[in-house]
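The values are calculated or read from the model by the stated rules, or taken from the named source; none is laboratory data. Just so it is clear, the structure is predicted and the values come from calculations on it, not from any experiment. Here Cβ is always computed from backbone atoms with ideal geometry, including for glycine, and neighbour counts include all displayed protein chains.
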Amino acid sequence: MPDAAVDAMKPNIDGDIQKIDQSNMDSDSRKNEHYLSFLGDKNSQYYLGKFTMFNNRGGGMIPSWNWPAFFFPGPWLLYRKMYGPGVTILLLSFIPILNWFIWLPVGIIAGVFGNSYYHKHVNKKINECLLLQDEGRIAFALNQSGGVHMWVKWAGVVLFILTFLLVLIGGVANA
């Protein structure tokens, strides 16, 4: 066997032995652990797959598709703890004339690039947490800054029911 510098060996397609760079494997494994700690339980495997694909392609804004981001861009952003753009989109949606003109383009952009934008957001937050340097503090910070806001789902259900009731009451009052 070759010297101890070779971490792992694997046959390639031609049957030749090639060296596997163990440091890259450890780095990817560590990155995946950080992703999973940050993402929490909600759709973590879905996003881990997307993030791996984005990392393999060199990052950047890579198109993919996200149905919730398409149909509910503002709430989806808030659910995933991306407050600035989430609040902005929600506020713009309350301006009636703008709502008709921006919903479809914003939905399409969020549907196509939502996963990439979330990947960028997650990487930024993970890098901020890594500045703590203590593994225990890093894990705690990842869990606290990541995950999802369940209240967004419940607020959506309540708003839907209230809207339905207002329409129903308005229809009865006009009858």
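Out of curiosity, is Leu48 farther than 28 Å from Ala139 by Cα and touching a helix residue (DSSP H, G or I) at 6+ places or on another chain (Cβ under 9 Å)? So Leu48 does not fit the description; no. Going by the structure shown, is Asn99 part of a helix (DSSP H, G or I), without any contact (Cβ under 8 Å) to a residue 40 or more places away in the chain, in contact with a Ser or Thr (Cβ under 7 Å, 6 or more places away or on another chain) and not basic (Lys, Arg)? Yes. The listed residues are Tyr35, Tyr46, and the only one of them that is surrounded by fewer than 13 Cβ atoms within 10 Å (Cβ to Cβ) and under 11 Å from the mean Cα position of the chain (by Cα) turns out to be Tyr46.
Screening Pro85, Pro105, Pro75 for residues that are more than 15 Å from Leu39 (Cβ to Cβ), part of a helix (DSSP H, G or I) and more than 19 Å from the chain's Cα centre (by Cα) leaves exactly one candidate, Pro105.
Looking at the structure I just gave you, is Lys153 within 15 Å of the chain's Cα centre (by Cα) and either at positive phi or surrounded by 10 or more Cβ atoms within 10 Å (Cβ to Cβ) (or both)? The answer is no for Lys153. Gly170 fulfils the conditions (1) surrounded by fewer than 10 Cβ atoms within 10 Å (Cβ to Cβ); (2) more than 25 Å from Gly49 (Cα to Cα) except for a single criterion, (1). Residue-level check: of (1) surrounded by 15 or more Cβ atoms within 10 Å (Cβ to Cβ); (2) on the phi > 0 side of the Ramachandran plot, Gln133 misses just (1). Criterion applied to Lys81, Lys125 was being modelled with pLDDT of 90 or more, touching a Gly at 6+ places or on another chain (Cβ under 9 Å), of a type outside the set (Val, Ile, Thr) and more than 22 Å from Leu159 (Cβ to Cβ), and the one residue passing it is Lys125.
When the range 49-70 is filtered for residues that are small (Gly, Ala, Ser) and either farther than 17 Å from Gly107 by Cβ or in a helix (DSSP H, G or I) (or both), the ones remaining, listed by number, are Gly49, Gly58, Gly59, Gly60, Ala69.
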